[in-house]
1. Relative to the longest principal axis of the chain, what angle (0 to 90°, nearest 10) does the C-alpha long axis of helix 298-308 take?
2. By a straight-distance test (C-alpha under 25 Å), which lysines pair with LYS335 as possible cross-link partners, with residues fewer than eight away in the same chain excluded?
3. Which percent, nearest 5, of DSSP beta bridges in the chain are antiparallel?
4. Given the options ASP252, ASP99, ASP345, state which has the largest fluctuation in a GNM of the chain using a 10 Å cut-off (strictly under) for Cα springs.
5. When the helix-only estimate is applied to the chain (DSSP H runs of n ≥ 4, each -39,500 (n - 2.57), divided by the residue count), what is the mean residue ellipticity at 222 nm, nearest 500 deg cm²/dmol?
6. How many nm is it between the label spots at LYS137 and ASN245, if each spot is 7 Å from the Cα in line with the beta carbon?
7. For ASN41, what residues show an amide H to amide H distance below 5 Å, using hydrogens built from the backbone and excluding near sequence neighbours?
8. Quick one: length gained pulling ASN218 to LYS151 fully straight, 0.36 nm per residue minus the C-alpha distance?
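Taken together, the values in this text are just the output of simple stated rules run on the coordinates, not laboratory data. This structure is a prediction, so every number in the text was calculated from the model and none was measured. Don't worry about glycine lacking a Cβ; one is built from the backbone with ideal geometry, like all the others, and counts go over all protein chains shown.
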Amino acid sequence: MRVKKIKVLVSAGGTGGHIIPAVSVCNELIKRDIDVYYIGNKNSMEADLICKVKGIKEFYGINVQKLYRSYTIKHFLFPFKLLSSILSCINYIKIIKPDAFIGFGGFVSGAPAIASYLSNVSVYLQEQNCNPGITNKITGFFAKKVFLAYKESFKFFKKTKCIYSGNPVNISHSLEESFDYEKYNLSYQNKKLLVLGGSQGSLFINNLILENMDYFINKNIDIIWQTGKNHLSMVKQELIKLGVNRGVFAFDFSSELNKFYHNSDFVISRGGALSLAEVEIYRLPAFVIPLPSAAVNEQYYNALSMEKRNLGVLFEQKDKQSFQDRFDQFLGKCKGMYPNKKVEDVIHLKAAKIIADELISDMSGRI
C-alpha cells in the first residue's frame, strides 16, 4: 500500500528576519522527507534564498505589497494586489493540495495564510518578535497553532494555540572554531567586543563606536566590527584620522561570523529577533540598541525581554544617560549573565525541530 506523502506550504517575505526562520524550518521538513512548497513575492529576497534551498518542490510567485507607514499613493493599490494574490494562492493550493500551511510573518505571508484558511487548510504561524507584526496578529485569529520565540508574546494570541519554540536560526554552532588574532589585527589578551550593525550597517552605532574609541582603548577592549557595506569606507577613514592601527577589525560582510561570535566576550547589537537569538546561542552578554523606526517597535520589546531575563542591557538612542556610564554598568553585569548555561539548552537551536515535530504530529493524525 502506497503511503501518502505529507505536503507543507510555507510563506515568509519582506526581510531576512522572516525568511531565514522559514528556510530553517524548510530544511528540517525536507530532512524528514516532507514535500515543501513555497509562496513568496516575485523578484524578491525570498525568491533568491528559497531557490538555493535544496529539495524545495516549487516556488510560486505572487505580487503583494506592504502597507507603508507614511501616506503614499501606493496605498490605493494595496487591496487590489492583496485580493489578486489571495486568488492566485487559492489556485496554487488547488494544484499543491497541501496538508498544512505555515507562515513566518511579513506582509507576504498574509495572502497565502488567508487563502489556506478559505481552502480549509490548517494554518500555523511562527512569530519571531516579542511584539508581533500586523500580519501574524490578524492571521493569528484563525491559526491552529502559533509558535513563539518569546514567552511575552503569549498575550497577543489565544493561549491554547501557543507553543514556545524559540526562533529557528540557520546557523551551525561549533565549539571547534580556531581563531588567528594576528590575522584580524587583534590582541590575544584583550576582551573582544562584537559590534553587529547588520549587512546594511547602522550609522548611529558606527558613529557611537567612533566617538567612544578612546574609551574602548583605555578599557583594553578590541572590536570586531560589522559596519555594513554602506559605512565601511567611512569607518576606515575615521580610524586612520584617530590614529587607530590595532585592536579593531572592521568588515561589511563575513562568512566567518560564527567564528567571531565564538571568540567574542560581549556584543553591541540592534534588537532584531534573529540577531538576538544568535547572541543567546553563543551566550554573549548583549548591549542592545533598538532601531527606533522598526515596525510596531518590535526591536525595543525584544531588547526589553533580554534585559528582563538578565541576558543584556537595553540602551535607547534617545537615552539621556551617557553611553560610557551605561556601558560601565553593562560590564559590571556581564559576569552574572549565562551562569552555567549549556549551549545545547538554548531553545533557538531546537526551534526548527520543535516546529517540524508538531506539524508532522498534527498532520499524521489527519492523513
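1. Taking the Cα atoms of the chain, the angle to 298-308 is about 60 degrees.
2. Answer for LYS335, where 25 Å is the Cα cut-off: LYS151, LYS191, LYS192, LYS219, LYS259, LYS308, listed by chain and number.
3. 0 percent
4. ASP345
5. -10500 deg cm²/dmol
6. The two pseudo-label positions are separated by 5.5 nm.
7. Excluding prolines and chain starts, which carry no amide H, the hits are ILE62.
8. That pair, ASN218 and LYS151, stretches by 20.2 nm at full extension.
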